[in-house]
Amino acid sequence: MTVTRPAISGWLLLFRLYAGAFWLVHGIPKFLNPSMFMPPNGYMGQMIARATQTSTGFYHDFLLHTVTPNIGLFAELVRLGEVLTGISLLLGFLTPLGGLAGCFLALNYLAAAGEFHWSGIGTINGVAFALSFFCMVLPAGRFAGIDSLLVRRPNTRAVQAEFVDEPIAAPRAPRD
């Protein structure tokens, strides 16, 4: 069984659209109903409070000393990051960068939930990381995406050899 290039491109398109929709489905409600997400009473505050209790090491210190005092800023960055990642992947615009942002967000969610072990792969955060990672490393934006307009196409003109009638002089050794 042979897989053709259009078939692969079609699967990459579906994969990219699903990943973009995934991030938008999680990001848009945070803008539509900010009181449910934004601090002090929203989910972001609860999530950070729980994560500071369950995380250890560097990430615990980061949450406690950097995120907690600036929780409003980080809440804005989270919801903006999710929506921009979703838009990037849906449009196929700067797809590797959108995939990188999705990986970054998903890794932070995994760390905050204490899921940095094999069982974390099957969680929603693990799936979000995998979706984003594949969009980052595969040319997912080059089919039916804006990235296809931004990528230079290789020069496909045929190269013709020219033959010169003049003999080429042999190289000479330098004189002392």
Task: Yes/no for Ile48 being at pLDDT below 95, in contact with an Asp or Glu (Cβ under 9 Å, 6 or more places away or on another chain) and not polar (S, T, N, Q) - done: no
Task: Any hit, segment 3-13, residues being more than 23 Å from Ala130 (Cα to Cα), part of a helix (DSSP H, G or I), of a type in the set (Val, Ile, Thr) and more than 23 Å from the chain's Cα centre (by Cα) - done: no
- [ ] Would you please name the residue that is surrounded by the most Cβ atoms within 10 Å (Cβ to Cβ), looking only at residues in segment 21-58 that are in contact (Cβ under 8 Å) with a residue 60 or more places away in the chain and in contact with a Ser or Thr (Cβ under 7 Å, 6 or more places away or on another chain)?
- [x] Trp23
Open item on the list: Residues to consider are Gly141, Gly145; find the one that is in a loop (DSSP other than H, G, I, E, B), small (Gly, Ala, Ser), in contact with a helix residue (DSSP H, G or I) (Cβ under 8 Å, 6 or more places away or on another chain) and at pLDDT 85 or above.
Closed with: Gly145
TODO: Take the residues in segment 49-105 that are outside any helix (DSSP H, G or I) and either of a type in the set (Asp, Glu) or more than 23 Å from the chain's Cα centre (by Cα) (or both), then tell me which one is farthest from Leu24 (Cα to Cα).
DONE: Thr56
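The values are calculated or read from the model by the stated rules, or taken from the named source; none is laboratory data. Remember, it's a predicted structure, so these values are computed and weren't measured experimentally. Note that we place each Cβ from the backbone using ideal geometry, even for glycine, and neighbour counts take in every protein chain shown.
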